[in-house]
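Here's the structure, in structure tokens; my notes come after.
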Amino acid sequence: MLVVLIRRLMQSVVVLLIMSVIVFVGVYAIGNPIDILINPEADIAEREAAVARLGLDRSLWEQYFRFLSGALQGDLGHSFVHNEPALTIILQRLPATLELAAGAMFLAILIGIPAGLIAGLKPHSRLGKGIMAGSILGFSLPTFWVGLMLIMVFAVYLGWLPASGRGDTVDVFGVPVSFLTPDGISHLFLPALNLALFKMSLVIRLTRAGTREVLLQDYVKFARAKGLSESRVIGVHVLKNILIPVVTILGLELGSVIAFAVVTETVFAWPGIGKLLIDSIALLDRPIVVAYLMLTVFMFILINLVVDILYSLLDPRVRLGEAKA
Amino acid sequence: MKTTKLLMGALATALLAGQAAAADLTIGVAAEPSSIDPHYHNLGPNNEIRRHMFESLVWQDEAQRLSPWLATAWTPTSNTTWEFKLRQGVTFHDGSEFDAYDVIYTACRIPNVPNSPSSFVIYTKAIAAIEVPDPHTLVIHTDVPYPLLPNELATWGILSAESNGVSEPLTYDRNGCDGVESWPRTASFNDGSSTIGTGPFRFVEFVPGDRLVLARNPDHYKWDVEWETVTFKPITNDAARVAALLAGDVDFINNPPTQDLPRLETDDAVAISAGLSNRVIYLHIDQFGPATPGVTGTGEPETPFEGEGACAERACEKNPFHDKRVREALSKSIDRQAIVDRIMGGIAVPAGELLPPSFFGANADAQPTVYDPDAAKALLAEAGYADGFSLVVGTPNDRYINDARVAQAVAQFFTRIGIRTTIDATTASVFFSRRNKYEFSVYLAGWGAGTGEMSSPLRALVATRDRDRGLGGTNRGRYSNPDFDEMVLKALATVDDAERAAILQAASRMAMEDYAILPLHYEVTPWAHRVNLTYTPRADQYTIAMDIRSVD
């Protein structure tokens, strides 16, 4: 067990190291941050001074090793743009993105599962066909365009919901959240819906397929023969059995929801890490971009590591294989 | 006495509270400040926000003319000394008194901002020494005659020495002031603990990416602001910003995209304010070496390329732009009025100089080059390029209003006279890096004159690049004319306004007659807002909440 763990840890460190080089060199290649950060009125001497202050006069490798030695001590660098630690800035913005992702997942489940059930129970009805047609739209329409349309319809023409921003927040254990205030909810709804559409379509299709399959199973027929009410048959026997694949897929998709949030956050001016990343790329704020990507890589490595460990705990064959090797 | 004051205060608060109900303003801005620290990052969005909370000695009005702010009057007392009379009875937001030592404290802090990506030192380094005859008078010494001192004192906001724990009188020393142990950190401005100015607004809250909230300073001497609070919301996406205005989320937005203006104009709930800016869109032309990177079809260069630039690393063809006739042909081939009408939707003005005629040092009679493609063709033939050549024009595609589309139009005009032109459009961060490595033979860019007078573009864009004389900072076309440089330097050392204006006008004429740089148009800046608001358009393109007023 220990051997597995140590080997996996070593691999993770190597992956992190390689990623850091790729990311660092990649962002370095885009351009020189000073060209976009400095006031055009600055003369040549001031430009040189600013380059020196930000450490941009050093060679790429020297900059990289300075970054690396900082990173080993938990310091992922100072933002060129904001003059604060990159990690602090990212952690400040993280709750907004997590909230948006959670809101989107919630909506995807809340709407997707009942809609999928209806489509599965009455596949030839008009409603069932309508739901399936809608889910195709949800899959195929670009998030960016849908976001703008949602704003035009619900904010501009109907005036029901605000068009952008995050709204009022309250602190829960020191983390600002907006879903506990009415104003915050009204701001959260449209971006969450926008982000949820794709996942919702996925849930509808999974639920429908599962429902149609399960309905033919013997235990459903038996439950009906026993004279159980239709709501109990569907609510307990059908639903419970189709939820397993839905939950598995949704768990895997959580990561991609956070990744897709970039587009939604830009359209709705949602102050999350996706918008931060876009803004930072535009301003060539290398420390933020590098820290963000390193953090993401670290997160995925950690998840994979945990999964691997769990797997070896659950499956004796893996353990035995490692012991032999 | 004390009771009366208290009573008055209570009364004032009660009155204000009654008025406050509807008086909140929300502004959607295209870019947010990188920090609230007024001396951290010398860039548009920061300078715009700074003006609400931290005041300078000198104010620039909507046309960038100088007027009193924390200083009530100033005069040059000799060629190298200036006397500034400071306003009496001004207090900072925490109640401490404003006096001359706050100015010195601020001038001392400016070089001491760590990691500043664009420092305000460029606006303090002319100051050699500061004398304080009395707490409300400053005598500022410069090394050389320096007429731009009042303009530069309009660029940085004053901090309170006392609020930052410095109560002893300070002495200004450009090499580092003694007597201050630590300077406020940039982060302490973002959380509000050091955000103490004298301005018409007090800092309330800054949530990066989401909002900046300011509250009115009720006893301000200059502005009677009608907004109880003002919230700036960064909405970077153009379409989303317009939608937020239409939806009523925000009352006011800057930079509405030009293609949406006709639609906004027909909306009864929305009005547009627009005014001429200090920003010129121009073409820089490579006039450095015998070869240039973006031209093909001109043959081998006569001498090998030496110096910095793309041609130092790879073979380039001959640079045709040293011949004035070629530059003139380029200028004559462009129909500036057509660009303004068709691409800019009328919100621009064809340019004949680098600053509109109403500004200091500009020629009132400056006319844009007349569109004459036949004359342009004749000039090209005369210069030996009857068959033309191929050219790549560089441009950013997300920096100036319709930048890449303007470049596309320019390319078509050039092609019409036989210069087969394609454009190389990239995002601003990539474009400016490549431009600064001299990768373009001709590129489109813009210049806003921060000082609001002609020396700004002439010094930065046209004068020969020279580190020691502080010239040519953005002259990436590398035009060089020693006579012109002398004139700019002479203007920069002439304190008498009328005399300086005359020299700048002559220098500008000289640059234009030599086609050193080709101005295309001056941007007109639009703002869109609720129909019951008014805004006085500003030449510096800033959105200043004090100037937003409601009408009945």
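The values are calculated or read from the model by the stated rules, or taken from the named source; none is laboratory data. Since this is a predicted model, take the numbers as computed values, not measurements. Glycine gets a Cβ as well: all are built from the backbone with ideal geometry, and neighbour counts include every protein chain shown. For the accessible areas, the whole protein counts, side chains as well, though only heavy atoms, and no ligand, DNA or RNA atoms are used. Shrake-Rupley method; radii C 1.70, N 1.55, O 1.52, S 1.80 Å.
I'd like to check something: does region A:143-162 contain any residue that is closer than 22 Å to residue A:239 by Cα and open to solvent by 60 Å² or more (accessible area, probe 1.4 Å)?
Scanning region A:143-162 turns up no residue that is closer than 22 Å to residue A:239 by Cα and open to solvent by 60 Å² or more (accessible area, probe 1.4 Å).
Mind checking which helices (runs of 4 or more DSSP H) fall wholly inside region B:238-338 and carry at least 2 residues that are closer than 30 Å to residue B:413 by Cα and open to solvent by 20 Å² or more (accessible area, probe 1.4 Å)?
B:261-266, B:324-333
Please go through (1) without any contact (Cβ under 8 Å) to a residue 24 or more places away in the chain; (2) within 14 Å of chain A (Cβ to nearest Cβ); (3) among the polar types (S, T, N, Q) for residue B:532 and return the number of the only condition it doesn't satisfy.
(2)
Being assigned by TED's automatic domain parsing to the domain that holds residue B:354, of a type outside the set (S, T, N, Q), under 20 Å from the mean Cα position of the chain (by Cα) and under 13 Å from residue B:284 (Cα atoms) is true for just one of B:462, B:442. Which residue is that?
Result of the check over B:462, B:442: B:462.
Output the number of the condition that residue B:152 fails; it satisfies all remaining conditions of (1) more than 14 Å from every other protein chain (Cβ to nearest Cβ); (2) within 18 Å of residue B:54 (Cβ to Cβ); (3) outside any loop (DSSP other than H, G, I, E, B).
For residue B:152, the exception is condition (1).
Could you tell me how many of the residues in region B:475-517 are surrounded by fewer than 23 Cβ atoms within 10 Å (Cβ to Cβ), in contact with a strand residue (DSSP E or B) (Cβ under 7 Å, 6 or more places away or on another chain) and not charged (D, E, K, R)?
Looking only at that region, the number is 2.
Among the residues of region A:69-88 satisfying the criterion of being within 22 Å of residue A:31 (Cβ to Cβ) and either surrounded by fewer than 17 Cβ atoms within 10 Å (Cβ to Cβ) or not hydrophobic (A, V, I, L, M, F, W, C) (or both), which is farthest from the other protein chains (Cβ to nearest Cβ)?
Checking each candidate, the answer is A:77.
If I filter region A:282-304 down to residues being facing chain B (nearest Cβ under 8 Å) and open to solvent by 10 Å² or more (accessible area, probe 1.4 Å), which single residue comes out as nearest to the chain's Cα centre (by Cα)?
Of everything passing the filter in region A:282-304, A:282 is nearest to the chain's Cα centre (by Cα).
Output the residues belonging to region B:156-189 that are under 26 Å from the mean Cα position of the chain (by Cα) and open to solvent by 20 Å² or more (accessible area, probe 1.4 Å).
B:174, B:185, B:187 - these are the residues of region B:156-189 that are under 26 Å from the mean Cα position of the chain (by Cα) and open to solvent by 20 Å² or more (accessible area, probe 1.4 Å).
Picking from A:27, A:23, which residue would you name as being modelled with pLDDT under 85, in contact with a Leu (Cβ under 7 Å, 6 or more places away or on another chain), within 30 Å of residue B:438 (Cβ to Cβ) and buried (at least 16 other Cβ atoms within 10 Å of the Cβ)?
Answer to the check: A:23.
Listed here are the residues, each with its yes/no results for (1) without any contact (Cβ under 8 Å) to a residue 60 or more places away in the chain; (2) of a type in the set (A, V, I, L, M); (3) outside any helix (DSSP H, G or I).
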position: A:278; (1), (2), (3): yes, yes, no
position: A:287; (1), (2), (3): no, no, no
position: A:296; (1), (2), (3): yes, no, no
position: A:301; (1), (2), (3): no, yes, no
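So in region B:440-473, with the set limited to residues that are open to solvent by less than 10 Å² (accessible area, probe 1.4 Å), farther than 22 Å from residue B:525 by Cα and part of a loop (DSSP other than H, G, I, E, B), which one is farthest from the other protein chains (Cβ to nearest Cβ)?
B:441
Six or more apart or on different chains, Cβ under 6 Å: which pairs go from a residue in region A:48-62 that's more than 8 Å from chain B (Cβ to nearest Cβ) to one that's open to solvent by less than 20 Å² (accessible area, probe 1.4 Å)? Could you list them?
From residues that are more than 8 Å from chain B (Cβ to nearest Cβ), the pairs are A:51/A:34; A:56/A:34.
Looking for something assigned to a loop (DSSP other than H, G, I, E, B), at pLDDT below 95, buried (at least 20 other Cβ atoms within 10 Å of the Cβ) and more than 12 Å from chain A (Cβ to nearest Cβ) - is there at least one such residue anywhere in region B:427-439?
The answer is yes; a qualifying residue exists.
With the condition being open to solvent by less than 50 Å² (accessible area, probe 1.4 Å), I'd like the strands (runs of 3 or more DSSP E) fully within region B:67-149 carrying at least 3 qualifying residues.
Hits in region B:67-149: B:81-86, B:127-134, B:137-142.
Collect the residues in region A:258-274 that are touching a Lys or Arg at 6+ places or on another chain (Cβ under 8 Å) and within 11 Å of chain B (Cβ to nearest Cβ), keeping them in residue-number order.
If the condition is that a residue be touching a Lys or Arg at 6+ places or on another chain (Cβ under 8 Å) and within 11 Å of chain B (Cβ to nearest Cβ), then A:265, A:266, A:269, A:270, A:271, A:272, A:273 are the ones that fit.
Has region A:248-257 got at least one residue that is open to solvent by less than 20 Å² (accessible area, probe 1.4 Å), within 14 Å of chain B (Cβ to nearest Cβ) and closer than 24 Å to residue A:163 by Cβ?
The answer is no; no qualifying residue exists.
I'd like the residue in region B:179-202 that is in contact with a Phe, Trp or Tyr (Cβ under 9 Å, 6 or more places away or on another chain) and not in a loop (DSSP other than H, G, I, E, B) and, out of all such residues, is farthest from the other protein chains (Cβ to nearest Cβ).
The residue in question is B:201.
Give the residue, chosen from A:9, A:16, A:91, that is open to solvent by 60 Å² or more (accessible area, probe 1.4 Å), farther than 28 Å from residue B:40 by Cα and not small (Gly, Ala, Ser).
A:9
Answer with yes or no whether residue B:382 is charged (D, E, K, R), more than 14 Å from every other protein chain (Cβ to nearest Cβ) and either without any contact (Cβ under 8 Å) to a residue 60 or more places away in the chain or within 30 Å of residue B:500 (Cα to Cα) (or both).
yes
Test residue A:50 against the stated conditions and say whether it is under 24 Å from the mean Cα position of the chain (by Cα) and buried (at least 22 other Cβ atoms within 10 Å of the Cβ).
No.
Can residue A:291 be described as more than 20 Å from residue A:87 (Cα to Cα), at pLDDT 85 or above and in contact with a strand residue (DSSP E or B) (Cβ under 9 Å, 6 or more places away or on another chain)?
No.
Do we find a residue being assigned by TED's automatic domain parsing to the domain that holds residue B:343, farther than 29 Å from residue B:346 by Cβ and in contact with a helix residue (DSSP H, G or I) (Cβ under 8 Å, 6 or more places away or on another chain) anywhere in region B:519-534?
no
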